[in-house]
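Below: the structure, in structure tokens.
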Amino acid sequence: MKTGKAAVFVKPYEFEITELPTLPIDSDGILVKITSSAICGTDLHYWRGELKPKAPGKPGPIILGHEMTGKIDSLGSNITTDSMGQKLKEGDRVAFPYFFPCRRCYNCMRLEFNNCPNRFRFRGSINELPYCNGGFAEYYYLFPGHFVFKVPDELPEEATTSVNCALSQVIYGLQQGGMKIGDSVVIQGAGGLGINAAAAASEMGAANIIVIDGIENRLELARKCGATHTININEITDKNERIEHVKKITNQRGADVGLEVVGYPGVVAEGISMLRNGGSYVEIGNIWDNSDATIDMSKLVWGMTKLIGIAHYDPYIIPVALDFLVRTQTKFPLTNIISHKFALDEISEAFQQSEWIGKNSTSGLTRAILVP
Ligand SMILES: [Zn+2]
Ligand SMILES: [Zn+2]
């Protein structure tokens, strides 16, 4: 039986490196050798203990990590192509969603694959089969019914790590927010999602792209990746002044679309106040149970604001994201989002350096990847 190294999340702030057997390969499954795996904001929420790993009925240590890419180690005997009909062989680089729509439920029947209630049914603990399958490991298994896409040869590794989370997530978010050519977009947060969102909004034809964060080197990268304006919350410390600033940029109207990718409830009311009447607020970042967000509902009513919550994306977005990266390779330095690389054994160090709360410079870190 083949085995691979995995970083198991034991409890907040603690990982254990172990060797685990890989899952047996079904004729419709694919075993992927992970080549890079990023530390996403979601992983930080788990690490701090803000989120309970979702392993219904199977408590126990799990493997975190979902923003990743890899190459095919072993192909199931029935599989000859990717989900777009391109030939696939062992050794090919692939991108894939980290969730598995069941295609046997109400939401799947309505083609809402990202909203399938069973999409994480394979995510258990490492104590029983199927072993928890996560990105901070050498191998990842694509269960039967998966979606998989060949990565174009011209894309460097650093460009593809974030395709299946950050980039696909924000392209889908902007689409669901109804962003149109000439729109003004305000993006709260300039981590991996925010910077990708600036580039995607630019490519989709936004006129004004306003990115808000507290870390200057992230804002600088956002400007290189399509942001037309940035607001550093450590420079404009008053939220009303920030709202006024957005109004000034948008002819006193406010932004057409707001995108929340900070992951803190405190920013929501501010973001909604930055919108024009009839604008859309796309909520992506606040993923854990909390009751700290207070919104004046009358603002939504009188502003006729559309509030759109989004988790995950439709799998067809992945090839869209890959094409976008090929087209804009020389235009946006998106590969620079990956600022730090660590070996799997150095996972604790990687998380400590990725922690941004309470810092105003993350030692120049925008996104760290683990190279198993
Ligand atoms: Zn993520
Ligand atoms: Zn389903």
Item checked: Meets criteria (in contact with a strand residue (DSSP E or B) (Cβ under 9 Å, 6 or more places away or on another chain) and within 30 Å of Ala159 (Cβ to Cβ)) for Leu365 -> yes
Next item on the list: Give the residues of the stretch 271-297 that are modelled with pLDDT of 95 or more, farther than 17 Å from Gln176 by Cβ and surrounded by fewer than 18 Cβ atoms within 10 Å (Cβ to Cβ), sorted by residue number.
Entry: Asn277
Item checked: Hits in the stretch 103-125 (condition: surrounded by 14 or more Cβ atoms within 10 Å (Cβ to Cβ), among the basic types (Lys, Arg) and more than 8 Å from ligand 2 (Cβ to nearest atom)) -> Arg121, Arg123
Check: What are the residues in the stretch 124-148 that are out of contact with any Pro (no Cβ under 8 Å at 6 or more places or on another chain) and not in a loop (DSSP other than H, G, I, E, B), if any?
Finding: Tyr139, Tyr140, Leu142
Check: List the pairs whose first member sits in the stretch 67-87 and is assigned by TED's automatic domain parsing to the domain that holds Asn196, whose second member is surrounded by fewer than 20 Cβ atoms within 10 Å (Cβ to Cβ), and whose Cβ atoms are under 8 Å apart, counting only residues at least 6 apart or on separate chains?
Finding: none
Next item on the list: Among the residues of the stretch 70-123, count how many are part of a strand (DSSP E or B) and either at pLDDT below 95 or more than 23 Å from Pro24 (Cβ to Cβ) (or both).
Entry: 3
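The values are calculated or read from the model by the stated rules, or taken from the named source; none is laboratory data. As the structure is a computational prediction, the values presented were derived from the model and not from experiment. Counting neighbours? That spans all protein chains shown, and the Cβs are built from the backbone with ideal geometry, glycine included.
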